[in-house]
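Read through the structure below, which is laid out as structure tokens, and then see the notes.
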């Protein structure tokens, strides 16, 4: 079992819809959770992070964390074609001062105009 | 804003060459990381460093070494480049309290 799992996609949604991206992780002691966006040919860019159970909102983005289910998700409201990218879920395992992250393989999102 | 600078965006080298990839960060971060990214395989950690002259192997260190002589600079060295090291190489830095920020990447081709 991979430590951080994501559906590779592509996830295709129409412009204006809500895109829901999901991620599961295996280490129950994981502390922090991150979402990176990566455009084709570019490097990953941090867009959201969440540490506590529940929802965290930032503009059109909402991160949701459920530690009991070992599940983290990213919702993108009012999806735009410019949101088309690969979204990487990353998890900081347990108490690790080096801030090493475990990355999922990413979900490719396509927003259709 | 965090700035992580990788010395080259594109690099072409020949098999057997010794290759140096340089990464510099300007935020006094203690942690620095080297990844490679290949289609279908995601981001794989090669090495990381949590302090000057300190380093730890990641998931795929074979064929690579690193150097961190100054806090702001972390170098990845391909001792004898091979075609299977053709990849996108990404450098990142962080503190213990902040998440990783990435450089623009170096697309390396080994011919």
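The values are calculated or read from the model by the stated rules, or taken from the named source; none is laboratory data. Since this is a predicted model, take the numbers as computed values, not measurements. Because the Cβ atoms are built from the backbone with ideal geometry, glycine has one as well, and the counts that use them run over all protein chains shown.
Summary of values
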read-out	value
Any hit, region B:47-57, residues being within 10 Å of the chain's Cα centre (by Cα) and part of a strand (DSSP E or B)	yes
Looking only at region A:76-107, and only at residues there that are over 15 Å from the mean Cα position of the chain (by Cα) and within 11 Å of another protein chain (Cβ to nearest Cβ), the one that is modelled with the lowest pLDDT	A:97
Any hit, region B:74-88, residues being within 10 Å of chain A (Cβ to nearest Cβ), part of a strand (DSSP E or B) and modelled with pLDDT of 95 or more	yes
Residue pairs meeting the criteria (Cβ under 8 Å; at least 6 apart or on separate chains; first within 9 Å of chain A (Cβ to nearest Cβ), in region B:41-59; second in a strand (DSSP E or B) and at pLDDT below 90)	none
So residue B:95, is it surrounded by fewer than 15 Cβ atoms within 10 Å (Cβ to Cβ) and either out of contact with any helix residue (DSSP H, G or I) (no Cβ under 6 Å at 6 or more places or on another chain) or more than 10 Å from chain A (Cβ to nearest Cβ) (or both)	no
In region B:60-73, the residues that are exposed (fewer than 13 other Cβ atoms within 10 Å of the Cβ) and not in a strand (DSSP E or B)	B:62
Residues within region A:74-83 that are under 17 Å from residue A:45 (Cα atoms) and surrounded by 14 or more Cβ atoms within 10 Å (Cβ to Cβ), tallied	4
Hey, residue A:37 touching a helix residue (DSSP H, G or I) at 6+ places or on another chain (Cβ under 9 Å), within 14 Å of another protein chain (Cβ to nearest Cβ) and part of a strand (DSSP E or B) or not	yes
